[in-house]
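A short worksheet on the structure shown next.
The values are calculated or read from the model by the stated rules, or taken from the named source; none is laboratory data. All of these numbers come straight from a predicted model, not from anything done at the bench. Neighbour counts run over all protein chains shown; Cβ positions are idealised from the backbone, glycine included. What goes into the accessible areas is simple: the full protein's heavy atoms, side chains included, and nothing from ligands, DNA or RNA. Shrake-Rupley method; radii C 1.70, N 1.55, O 1.52, S 1.80 Å.
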Amino acid sequence: MTHAAESPKLLARPVPKTGEAIPAVGLGTWQVFDVAGDAKELEQARETLKTFAQLGGRLVDSSPMYGSSESVTGQLAVELGVRSKLFIATKVWTSGKQAGIRQMEDSMKKLRVERLDLMQVHNLVDAPTHLATLREWKKTGRVRYIGVTHYNASAHEELERFIRPGDIDFVQVNYSLAEPEAGQRLLRAAADSRTAVIVNRPFAEGAMFGRVKGKPLPAWAREIGVASWAQLFLKWILAHPAVTCAIPGTRNPRHVADNLGAASTPLPDEAMRSMMSDYFNSL
Ligand SMILES: NC(=O)c1ccc[n+]([C@@H]2O[C@H](COP(=O)([O-])OP(=O)(O)OC[C@H]3O[C@@H](n4cnc5c(N)ncnc54)[C@H](OP(=O)(O)O)[C@@H]3O)[C@@H](O)[C@H]2O)c1
(Lines give C-alpha, C1' and ligand atoms only; values in the text may rest on other atoms or scores of the structure.)
Protein backbone atom coordinates (compact mmCIF):
# COMPACT_ATOMS: atom_id res chain seq x y z
CA MET A 1 0.00 0.00 0.00
CA THR A 2 1.37 3.44 -0.82
CA HIS A 3 1.47 6.21 1.71
CA ALA A 4 -0.17 8.53 -0.80
CA ALA A 5 -3.26 6.31 -0.74
CA GLU A 6 -3.43 6.73 3.05
CA SER A 7 -2.91 10.50 2.97
CA PRO A 8 -5.92 12.72 3.37
CA LYS A 9 -5.70 15.89 1.32
CA LEU A 10 -4.09 18.57 3.44
CA LEU A 11 -4.89 22.21 2.93
CA ALA A 12 -1.98 23.62 0.89
CA ARG A 13 -0.89 27.15 0.10
CA PRO A 14 1.06 28.36 -2.93
CA VAL A 15 4.53 29.88 -2.60
CA PRO A 16 3.67 33.28 -4.13
CA LYS A 17 6.74 33.55 -6.38
CA THR A 18 6.35 30.10 -8.03
CA GLY A 19 2.87 28.77 -7.29
CA GLU A 20 4.35 25.58 -5.77
CA ALA A 21 1.80 24.26 -3.26
CA ILE A 22 2.99 23.46 0.27
CA PRO A 23 0.83 21.79 2.97
CA ALA A 24 -0.11 24.54 5.42
CA VAL A 25 1.19 22.71 8.51
CA GLY A 26 4.85 21.68 8.72
CA LEU A 27 7.19 20.47 11.46
CA GLY A 28 9.63 22.44 13.63
CA THR A 29 12.70 20.63 14.99
CA TRP A 30 14.13 23.01 17.62
CA GLN A 31 14.92 20.99 20.76
CA VAL A 32 12.57 18.14 19.78
CA PHE A 33 14.90 16.62 17.11
CA ASP A 34 18.16 17.35 18.98
CA VAL A 35 18.19 13.72 20.11
CA ALA A 36 21.20 12.05 18.48
CA GLY A 37 22.52 10.77 21.82
CA ASP A 38 19.32 9.17 23.14
CA ALA A 39 17.94 5.99 21.55
CA LYS A 40 14.44 6.35 23.03
CA GLU A 41 14.07 9.96 21.95
CA LEU A 42 15.49 9.15 18.51
CA GLU A 43 12.78 6.51 18.15
CA GLN A 44 10.13 9.08 19.08
CA ALA A 45 11.53 11.44 16.45
CA ARG A 46 11.47 8.60 13.89
CA GLU A 47 7.79 7.83 14.60
CA THR A 48 6.96 11.53 14.44
CA LEU A 49 8.62 12.06 11.05
CA LYS A 50 7.07 8.83 9.75
CA THR A 51 3.57 9.93 10.78
CA PHE A 52 4.19 13.42 9.42
CA ALA A 53 5.17 12.11 5.97
CA GLN A 54 2.44 9.42 5.90
CA LEU A 55 -0.22 12.04 6.54
CA GLY A 56 1.11 14.23 3.73
CA GLY A 57 3.26 16.73 5.67
CA ARG A 58 6.23 18.19 3.75
CA LEU A 59 7.94 21.25 5.23
CA VAL A 60 10.50 20.44 7.96
CA ASP A 61 12.43 23.35 9.49
CA SER A 62 15.85 23.05 11.11
CA SER A 63 18.97 25.09 11.87
CA PRO A 64 22.63 24.56 12.76
CA MET A 65 21.64 26.26 16.02
CA TYR A 66 19.50 23.21 16.92
CA GLY A 67 22.26 20.81 18.02
CA SER A 68 21.89 17.43 16.28
CA SER A 69 18.51 18.27 14.69
CA GLU A 70 19.87 18.59 11.16
CA SER A 71 21.74 15.29 11.24
CA VAL A 72 18.82 13.51 12.94
CA THR A 73 16.38 14.87 10.32
CA GLY A 74 18.73 13.81 7.50
CA GLN A 75 19.32 10.35 8.95
CA LEU A 76 15.63 9.63 9.64
CA ALA A 77 14.44 10.99 6.28
CA VAL A 78 16.81 8.61 4.47
CA GLU A 79 16.06 5.62 6.73
CA LEU A 80 12.31 6.12 6.40
CA GLY A 81 12.58 6.59 2.64
CA VAL A 82 10.68 9.88 2.80
CA ARG A 83 13.44 12.27 1.75
CA SER A 84 11.98 13.04 -1.68
CA LYS A 85 8.55 13.82 -0.19
CA LEU A 86 9.89 16.47 2.17
CA PHE A 87 10.51 20.17 1.69
CA ILE A 88 13.66 20.75 3.75
CA ALA A 89 14.30 24.19 5.22
CA THR A 90 17.31 25.11 7.31
CA LYS A 91 19.24 28.23 8.22
CA VAL A 92 22.63 29.89 8.30
CA TRP A 93 23.59 31.26 11.72
CA THR A 94 27.08 32.71 11.76
CA SER A 95 29.03 35.81 10.64
CA GLY A 96 31.25 36.20 7.60
CA LYS A 97 31.01 34.99 4.02
CA GLN A 98 33.35 32.01 4.24
CA ALA A 99 32.03 30.89 7.63
CA GLY A 100 28.51 31.06 6.16
CA ILE A 101 29.47 28.97 3.14
CA ARG A 102 31.18 26.36 5.35
CA GLN A 103 28.17 26.16 7.64
CA MET A 104 25.66 25.87 4.80
CA GLU A 105 27.71 23.13 3.12
CA ASP A 106 27.93 21.32 6.44
CA SER A 107 24.13 21.57 6.86
CA MET A 108 23.58 20.05 3.42
CA LYS A 109 25.81 17.11 4.35
CA LYS A 110 24.00 16.60 7.66
CA LEU A 111 20.60 16.83 5.96
CA ARG A 112 21.91 14.54 3.21
CA VAL A 113 20.77 16.73 0.35
CA GLU A 114 22.55 17.95 -2.76
CA ARG A 115 20.21 20.91 -3.03
CA LEU A 116 18.21 22.59 -0.29
CA ASP A 117 14.59 23.53 -0.74
CA LEU A 118 14.96 26.62 1.47
CA MET A 119 17.94 28.30 3.15
CA GLN A 120 17.08 31.08 5.61
CA VAL A 121 19.23 33.60 7.44
CA HIS A 122 18.61 32.76 11.11
CA ASN A 123 17.59 35.79 13.19
CA LEU A 124 19.05 38.02 10.42
CA VAL A 125 22.61 37.30 11.62
CA ASP A 126 24.93 38.97 9.05
CA ALA A 127 22.01 38.86 6.61
CA PRO A 128 23.40 41.05 3.78
CA THR A 129 26.53 38.86 3.57
CA HIS A 130 24.66 35.53 3.46
CA LEU A 131 21.92 36.81 1.15
CA ALA A 132 24.61 37.81 -1.37
CA THR A 133 25.94 34.23 -1.30
CA LEU A 134 22.45 32.77 -1.44
CA ARG A 135 21.41 34.83 -4.46
CA GLU A 136 24.37 33.25 -6.29
CA TRP A 137 23.52 29.77 -4.98
CA LYS A 138 19.95 30.18 -6.16
CA LYS A 139 21.16 31.02 -9.67
CA THR A 140 23.33 27.91 -9.76
CA GLY A 141 20.61 25.70 -8.27
CA ARG A 142 22.20 24.86 -4.90
CA VAL A 143 19.11 26.23 -3.14
CA ARG A 144 15.58 26.54 -4.50
CA TYR A 145 14.38 29.34 -2.24
CA ILE A 146 15.97 31.89 0.11
CA GLY A 147 14.56 33.46 3.26
CA VAL A 148 15.03 35.40 6.48
CA THR A 149 13.77 34.54 9.97
CA HIS A 150 13.22 35.95 13.42
CA TYR A 151 11.23 34.90 16.47
CA ASN A 152 10.53 38.21 18.17
CA ALA A 153 8.30 41.21 17.42
CA SER A 154 11.22 43.58 18.10
CA ALA A 155 12.69 42.46 14.74
CA HIS A 156 9.55 42.70 12.60
CA GLU A 157 10.43 46.16 11.26
CA GLU A 158 13.84 44.93 10.18
CA LEU A 159 12.34 41.83 8.55
CA GLU A 160 9.99 44.12 6.67
CA ARG A 161 12.94 46.14 5.30
CA PHE A 162 14.50 42.92 3.97
CA ILE A 163 11.38 41.63 2.22
CA ARG A 164 10.05 44.96 0.81
CA PRO A 165 12.30 44.95 -2.29
CA GLY A 166 10.64 41.65 -3.28
CA ASP A 167 13.60 39.34 -4.00
CA ILE A 168 13.33 37.20 -0.84
CA ASP A 169 11.17 34.09 -1.26
CA PHE A 170 10.25 33.35 2.38
CA VAL A 171 10.01 35.20 5.69
CA GLN A 172 9.75 33.10 8.87
CA VAL A 173 8.26 34.87 11.87
CA ASN A 174 6.45 34.36 15.17
CA TYR A 175 2.68 34.75 14.92
CA SER A 176 -0.06 33.36 17.15
CA LEU A 177 -3.01 34.31 19.35
CA ALA A 178 -0.42 34.96 22.09
CA GLU A 179 2.03 36.86 19.82
CA PRO A 180 -0.18 38.52 17.17
CA GLU A 181 2.08 41.53 16.34
CA ALA A 182 3.07 40.35 12.85
CA GLY A 183 -0.57 40.91 11.86
CA GLN A 184 -0.16 44.68 12.28
CA ARG A 185 2.19 45.30 9.30
CA LEU A 186 4.58 42.48 8.50
CA LEU A 187 2.06 40.04 7.04
CA ARG A 188 0.68 42.79 4.82
CA ALA A 189 4.24 43.59 3.66
CA ALA A 190 4.75 39.89 2.89
CA ALA A 191 1.57 39.77 0.82
CA ASP A 192 2.52 43.00 -1.01
CA SER A 193 6.01 41.70 -1.84
CA ARG A 194 4.75 38.19 -2.70
CA THR A 195 6.87 36.67 0.06
CA ALA A 196 5.81 33.29 1.47
CA VAL A 197 5.29 33.26 5.26
CA ILE A 198 6.37 30.45 7.59
CA VAL A 199 4.99 30.89 11.10
CA ASN A 200 7.27 29.81 13.94
CA ARG A 201 6.31 29.56 17.63
CA PRO A 202 2.61 28.92 16.70
CA PHE A 203 2.00 27.85 20.32
CA ALA A 204 4.40 30.46 21.81
CA GLU A 205 6.81 27.61 22.54
CA GLY A 206 4.00 25.59 24.11
CA ALA A 207 3.07 28.28 26.66
CA MET A 208 -0.40 28.69 25.12
CA PHE A 209 -1.42 25.23 26.32
CA GLY A 210 -0.86 26.42 29.90
CA ARG A 211 -3.47 29.16 29.35
CA VAL A 212 -6.17 26.62 28.40
CA LYS A 213 -5.16 23.75 30.70
CA GLY A 214 -8.22 21.91 32.03
CA LYS A 215 -10.59 24.07 29.95
CA PRO A 216 -13.00 22.38 27.53
CA LEU A 217 -13.05 23.63 23.95
CA PRO A 218 -15.69 26.35 23.53
CA ALA A 219 -18.90 25.25 21.74
CA TRP A 220 -18.11 27.48 18.72
CA ALA A 221 -14.96 25.43 18.04
CA ARG A 222 -17.18 22.94 16.21
CA GLU A 223 -18.11 25.62 13.65
CA ILE A 224 -14.49 25.71 12.43
CA GLY A 225 -14.04 21.95 12.63
CA VAL A 226 -11.44 21.82 15.38
CA ALA A 227 -11.04 18.85 17.72
CA SER A 228 -8.28 20.20 19.99
CA TRP A 229 -6.75 23.39 21.35
CA ALA A 230 -3.75 22.89 19.05
CA GLN A 231 -6.04 22.87 16.00
CA LEU A 232 -7.88 25.94 17.26
CA PHE A 233 -4.59 27.84 17.69
CA LEU A 234 -3.34 26.74 14.26
CA LYS A 235 -6.56 27.51 12.40
CA TRP A 236 -6.48 31.07 13.74
CA ILE A 237 -3.01 31.42 12.18
CA LEU A 238 -3.82 29.69 8.89
CA ALA A 239 -6.90 31.84 8.37
CA HIS A 240 -4.62 34.82 7.71
CA PRO A 241 -4.39 34.92 3.90
CA ALA A 242 -0.67 35.86 3.90
CA VAL A 243 0.34 32.73 5.85
CA THR A 244 1.83 29.88 3.82
CA CYS A 245 2.73 27.34 6.51
CA ALA A 246 2.86 27.07 10.33
CA ILE A 247 5.61 24.85 11.82
CA PRO A 248 4.72 23.58 15.31
CA GLY A 249 7.60 21.78 17.03
CA THR A 250 6.95 18.28 18.38
CA ARG A 251 8.49 14.85 18.83
CA ASN A 252 5.15 13.26 19.65
CA PRO A 253 3.48 11.31 16.79
CA ARG A 254 0.00 11.95 18.23
CA HIS A 255 0.70 15.67 18.35
CA VAL A 256 2.01 15.77 14.77
CA ALA A 257 -1.20 14.07 13.57
CA ASP A 258 -3.27 16.48 15.67
CA ASN A 259 -1.42 19.46 14.17
CA LEU A 260 -1.81 18.26 10.58
CA GLY A 261 -5.53 17.98 11.28
CA ALA A 262 -5.61 21.79 11.33
CA ALA A 263 -4.60 21.91 7.65
CA SER A 264 -8.24 21.64 6.61
CA THR A 265 -11.30 23.74 5.94
CA PRO A 266 -13.35 25.39 7.29
CA LEU A 267 -11.13 28.18 8.55
CA PRO A 268 -12.47 31.02 10.71
CA ASP A 269 -13.55 34.20 8.91
CA GLU A 270 -12.41 37.67 10.04
CA ALA A 271 -15.26 38.10 12.57
CA MET A 272 -14.60 34.68 14.05
CA ARG A 273 -10.84 35.36 14.26
CA SER A 274 -11.48 38.55 16.14
CA MET A 275 -13.84 36.74 18.53
CA MET A 276 -11.15 34.06 19.04
CA SER A 277 -8.59 36.76 19.95
CA ASP A 278 -10.98 38.34 22.45
CA TYR A 279 -11.68 34.93 23.95
CA PHE A 280 -7.97 34.02 24.22
CA ASN A 281 -7.09 37.40 25.74
CA SER A 282 -9.83 36.94 28.36
CA LEU A 283 -8.31 33.67 29.63
N1 LIG B 1 14.46 32.33 14.92
C2 LIG B 1 13.93 31.29 14.33
O3 LIG B 1 14.14 31.08 13.15
C4 LIG B 1 13.04 30.39 15.12
C5 LIG B 1 12.75 30.67 16.46
C6 LIG B 1 11.88 29.83 17.15
C7 LIG B 1 11.35 28.72 16.50
N8 LIG B 1 11.69 28.44 15.21
C9 LIG B 1 11.13 27.24 14.50
O10 LIG B 1 9.74 27.16 14.79
C11 LIG B 1 9.43 25.88 15.35
C12 LIG B 1 8.25 25.98 16.30
O13 LIG B 1 8.53 26.83 17.40
P14 LIG B 1 8.77 26.23 18.88
O15 LIG B 1 9.18 24.81 18.75
O16 LIG B 1 9.67 27.17 19.56
O17 LIG B 1 7.40 26.38 19.61
P18 LIG B 1 5.87 25.91 19.32
O19 LIG B 1 5.80 25.14 18.07
O20 LIG B 1 5.05 27.13 19.49
O21 LIG B 1 5.59 24.95 20.57
C22 LIG B 1 6.23 23.75 20.74
C23 LIG B 1 5.63 23.07 21.96
O24 LIG B 1 4.28 22.75 21.72
C25 LIG B 1 4.02 21.40 22.10
N26 LIG B 1 3.06 20.84 21.14
C27 LIG B 1 3.20 20.70 19.79
N28 LIG B 1 2.09 20.18 19.24
C29 LIG B 1 1.21 19.96 20.26
C30 LIG B 1 -0.10 19.45 20.32
N31 LIG B 1 -0.77 19.06 19.21
N32 LIG B 1 -0.71 19.37 21.53
C33 LIG B 1 -0.05 19.77 22.66
N34 LIG B 1 1.20 20.27 22.66
C35 LIG B 1 1.83 20.37 21.47
C36 LIG B 1 5.34 20.70 22.03
O37 LIG B 1 5.38 19.67 22.97
P38 LIG B 1 5.46 18.10 22.53
O39 LIG B 1 6.89 17.92 22.08
O40 LIG B 1 5.11 17.39 23.78
O41 LIG B 1 4.50 17.90 21.43
C42 LIG B 1 6.33 21.80 22.37
O43 LIG B 1 6.52 21.87 23.76
C44 LIG B 1 10.75 25.45 15.99
O45 LIG B 1 10.80 24.05 16.26
C46 LIG B 1 11.75 25.92 14.96
O47 LIG B 1 11.81 25.00 13.87
C48 LIG B 1 12.51 29.27 14.50
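If you add up the charges near residue 265, with Lys and Arg at +1 and Asp and Glu at -1, over every other residue whose beta carbon is less than 15 angstrom from its beta carbon, what do you get?
Net of charged neighbours comes to +3.
Size of the dipole of the chain about the Cα centre, Lys and Arg at +1 and Asp and Glu at -1 on the beta carbon, nothing else charged, in debye to 20? Could the numbers behind the result be given before it?
Values: 35 positive and 30 negative charges, 92 e Å.
The calculated dipole for the chain is roughly 440 debye.
Would you mind getting me the FRET efficiency between residue 213 and residue 41? Use the beta-carbon distance for r and R0 = 35 Å, nearest 0.05. If you can, show how the numbers build up before the last one.
Working: r = 24 Å, r/R0 = 0.70.
Computed FRET efficiency for residue 213 and residue 41: 0.90.
Over the alpha-carbon set of region 172-283, divide Rg by the Kirkwood Rh and report the Rg/Rh ratio to two decimals. It would help to have the intermediate numbers written out before the result.
Numbers: Rg = 13.3 Å, Rh = 14.2 Å.
Rounded to two decimals, Rg over Rh is 0.94.
Eigenvalues of the Cα gyration tensor times 5, then square-rooted: what semi-axes does that give for the chain, in whole angstrom, largest first? Before the final figure, lay out each step's value.
Working: eigenvalues 159, 108, 57 Å².
Here the semi-axes work out to 28, 23, 17 Å.
Tell me the net charge near residue 155. Cut-off is 15 Å between Cβ atoms, residue 155 excluded, with +1 for each Lys or Arg and -1 for each Asp or Glu. Could the numbers behind the result be given before it?
Working: positive: 91, 161, 164, 185, 201; negative: 126, 157, 158, 160, 179, 181.
Surrounding charge for residue 155 is -1.
Nearest 20 debye, what's the magnitude of the dipole of region 115-159 about its Cα centre given +1 on Lys and Arg Cβ and -1 on Asp and Glu Cβ? Before the final figure, lay out each step's value.
Values: 6 positive and 5 negative charges, 81 e Å.
With only Lys, Arg, Asp and Glu charged at Cβ, the dipole is about 380 debye.
Once the principal axes of the Cα atoms of region 47-206 are found, what is the range along each, listed largest first in whole angstroms?
42, 37, 26
Let me know the Kirkwood hydrodynamic radius for region 1-111, please, with Cα pairs as the basis and the value in Å to one decimal.
14.8 Å
Sort 211, 161 by heavy-atom solvent-accessible area, probe 1.4 angstrom, most to least.
Working: 211 90, 161 150 Å².
Ranked list, largest accessible area first: 161, 211.
Restricting to Cα pairs below 8 Å that are 6+ residues apart, what does the relative contact order work out to for the chain? Please round to a whole percent.
Working: 547 pairs, mean separation 59.5, N = 283.
Here the relative contact order equals 21 percent.
Over the chain, with a Gaussian network built from C-alpha contacts below 10 Å, which listed residue (99, 77, 189) shows the highest mean-square fluctuation?
Residue with maximal mean-square fluctuation among 99, 77, 189: 99.
What Kirkwood radius, in Å to one decimal, follows from the Cα pairs of region 111-220?
Details: mean 1/r = 0.0657 Å⁻¹.
Evaluated on region 111-220, it is 15.2 Å.
For residue 186, what is the net charge nearby, where nearby means another residue's Cβ is under 15 Å from its Cβ and Lys, Arg count +1, Asp, Glu -1? If you can, show how the numbers build up before the last one.
Details: positive: 161, 164, 185, 188, 194, 201; negative: 157, 158, 160, 179, 181, 192.
Neighbour charge sum, excluding residue 186 itself: 0.
State to the nearest 20 debye the size of the charge dipole of region 146-283 about its Cα centre, where the only charges are +1 on K and R beta carbons and -1 on D and E beta carbons.
Working: 14 positive and 14 negative charges, 93 e Å.
That gives region 146-283 a dipole magnitude of about 440 debye.
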